[in-house]
Amino acid sequence: MESTLMPEVSKSDFLDTLKSTTPGETEFHQAVQEVHESVAPVIEQHAEYRKHRILERIVEPERIISFRVTWIDDNGIPQVNRGYRVQMNSAIGPYKGGLRFHPSVNQSILKFLGFEQIFKNALTSLPLGGGKGGSNFDPKGKSDAEVMRFCQNFMLELSKHIGHRIDIPAGDIGVGGREIGYMYGMYRKIENQFSGVLTGKGVKWGGSLIRPEATGYGLVYFSQYILENNNDSMAGKTCLVSGSGNVAQYAMEKVIELGGKPVTASDSSGYIYDPAGIDTKKLEFIKELKNERRGRIAEYADEFSTAEYFPTDRSMGYNPLWSHKADLALPCATQNELNEIDAQNLINGGAILVAEGANMPCTPEAINLLRDNGVIYAPGKASNAGGVATSGLEMVQNYSGSHWTSEEVDRRLKIIMKSIHDSCLHAATKYSHDKDYMAGANIAGFLKVADSMIAQGVL
Ligand code: NDP
Ligand code: 2IT
């Protein structure tokens, strides 16, 4: 759509302006820079995106809500945390994205996650806008009652800004079924209505089957489609997995089911290496350890003599988890957990594919090195989109008052992951980046949102 609405704006100073107007937001700059690198040639070819200043508009959140959360700890002492919701873009649907509870949470991290979510959600082919939220509250070491009081007080404020047709939060780091339950209960009490305002709910009270499994399963389905595209399969593949939370657990489960062998798992304290392989029985131990007892991964090595435990040593400047020989790497913990040294170690160890379960786990330097050395790189906004896609399926079930079987949800999840895979390849090929999943994901997501923004006028 050509328009004489506005003069063209040069893209040359776009990143400089972004950095000077959002000082200190390094994670946000990193996420924007990656998308910008991929879409710059597209914008170069299509004047309407420049005329409508789509890039300048898409990096500015539609709304950021920041609020005080006060709660009483078990000693009767009032505690104060900061809560946020970043409503990034609603051009293609209501804001949708997770809530993260972790002491590192700040505006930069939530803006990067919200920005990634815009493109990820567009790739799912469902009508979902992008958002993210959370708090610097640390659930670690807190009693169940403390977590409940925090969640209730967080929702006391958040409830004013969300709604099943407005903004539908879900889980992320530190927010799983327990936290969603406490927040949902409070929302229901405040609003006096039973709506699908959160996803990741329990199956007995409006949740979808397969939502807990969806991000990890989707990641492995996506990896499988990549391998199939290269006449290969998951069978017999050794996998390095980081993290031991929701995404990592179900990624390992699906790898095992498809005949692969996960050999590592981690938490922020350290990692375990089990060259014999993490099998179903050992994975059950991890699930019980992490989801029920909320213990540390070190215990795995006490339980299973085939494994060795390595405590985290940040002074090393790299993560030795990635230095073990393997075919696949599935980073499923957090942002920037895999750097250039780690990438070199993966290359030395013969890795053929790095698929991101976490959001932005690979640094830009690591991504460049992997791609330069022929390692296939699957960006999180495509490979981990199965979680939010299944949240979208939970919303459809809630709107229509239906409840699908596991088989039905899993079938739809597979179709969505295949369609994301194919959209990435299609967009990459169209813009001369053959088999480049990063360029393909960024371009395909961008085009859908940009065209929708233009169609809806200057807002
Ligand atoms: P969980 O809280 O269930 O698990 C997080 C895991 O990562 C834990 O093992 C945790 O260890 C580890 N971890 C977290 N922060 C750090 C850190 N700073 N350094 C080292 N290890 C860390 O979260 P999820 O599994 O849900 O999320 C993992 C990643 O996947 C995140 O990047 C998230 O954004 C992304 N994601 C999640 C989706 C979902 O549906 N849940 C969907 C798409 C992406 P510890 O317990 O010691 O903190
Ligand atoms: O990063 C993500 O995509 C999520 N944390 C899931 C978001 C969602 O709304 O299910």
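Taking amide H as placed 1.01 Å from N in the peptide plane, residue 97 has its amide H under 5 Å from the amide H of 131, 168, 170, each at least 5 places away in sequence or on another chain. Accessible area per residue for the stretch 198-306 is 37 Å², calculated with a 1.4 Å probe on protein heavy atoms, without ligands, DNA or RNA. Placing unit charges on the Cβ atoms only, positive for Lys and Arg and negative for Asp and Glu, gives the stretch 27-76 a dipole magnitude near 360 debye about its Cα centre. Taking every protein chain into account, the accessible area of the stretch 55-164 amounts to 34 square angstrom per residue (probe 1.4 Å). Between the amide H of residue 63 and those of 87, distances stay under 5 Å, these residues lying 5 or more places away or on another chain, with hydrogens modeled in the peptide plane. Measuring nothing but protein heavy atoms, the accessible surface of the chain at 1.4 Å probe radius is 50 percent carbon and sulfur. With both partners inside the chain, how many of the DSSP beta bridges are antiparallel, as a percent to the nearest 5? Within the chain, antiparallel bridges account for around 55 percent of the total.
Please label the shape of the stretch 187-317 as rounded, prolate or oblate, based on the square roots a ≥ b ≥ c of the eigenvalues of the alpha-carbon gyration tensor (a/c under 1.5 means rounded; beyond that, a/b larger than b/c means prolate, else oblate).
The shape class here is oblate.
Placing +1 on the Cβ of every Lys and Arg and -1 on the Cβ of every Asp and Glu, with no other charges, gives the chain a dipole of roughly 1260 debye about its Cα centre.
In plain terms, the chain from residue 79 to residue 298 could stretch by 75.8 nm, reckoned as 0.36 nm per residue minus the Cα-Cα distance. If the label point is 7 Å along Cα→Cβ of residue 406, which residues in the stretch 214-253 have backbone nitrogen under 14 Å from it? Within reach of a label on residue 406: 214, 217, 250, 253. Considering only alpha-carbon pairs that sit under 8 angstrom and 6 or more positions apart, the relative contact order computed for the chain is 15 percent. Here the chain is described by how far its Cα atoms reach on the three principal axes: 70, 54, 46 Å, from widest to narrowest. Annotation for residue 373 and residue 67: the two label points, set 7 Å from Cα along the Cα-Cβ direction, are 4.7 nm apart. Ordering 306, 403, 393 by Cα displacement along the dipole of the chain toward the positive end leaves 403 in first place; charges were set at the Cβ atoms of Lys, Arg (+1) and Asp, Glu (-1). The fraction of all Cα pairs in the stretch 108-234 landing in successive 5 Å bins from 0 to the largest distance is 2, 9, 16, 20, 20, 15, 8, 4, 3, 2, 0, given as whole percents.
Only DSSP H runs of four or more residues enter the estimate; each adds -39500 (n - 2.57), and after division by the residues of the chain the mean residue ellipticity at 222 nm equals -14500 deg cm²/dmol.
The values are calculated or read from the model by the stated rules, or taken from the named source; none is laboratory data. Just so you know, these numbers come straight off a predicted model, no measurement behind them. Cβ atoms come from the backbone with ideal geometry, glycine included; neighbour counts cover every protein chain shown. Only protein heavy atoms, including side chains, enter the accessible area calculation; ligands, DNA and RNA are left aside. Shrake-Rupley method; radii C 1.70, N 1.55, O 1.52, S 1.80 Å.
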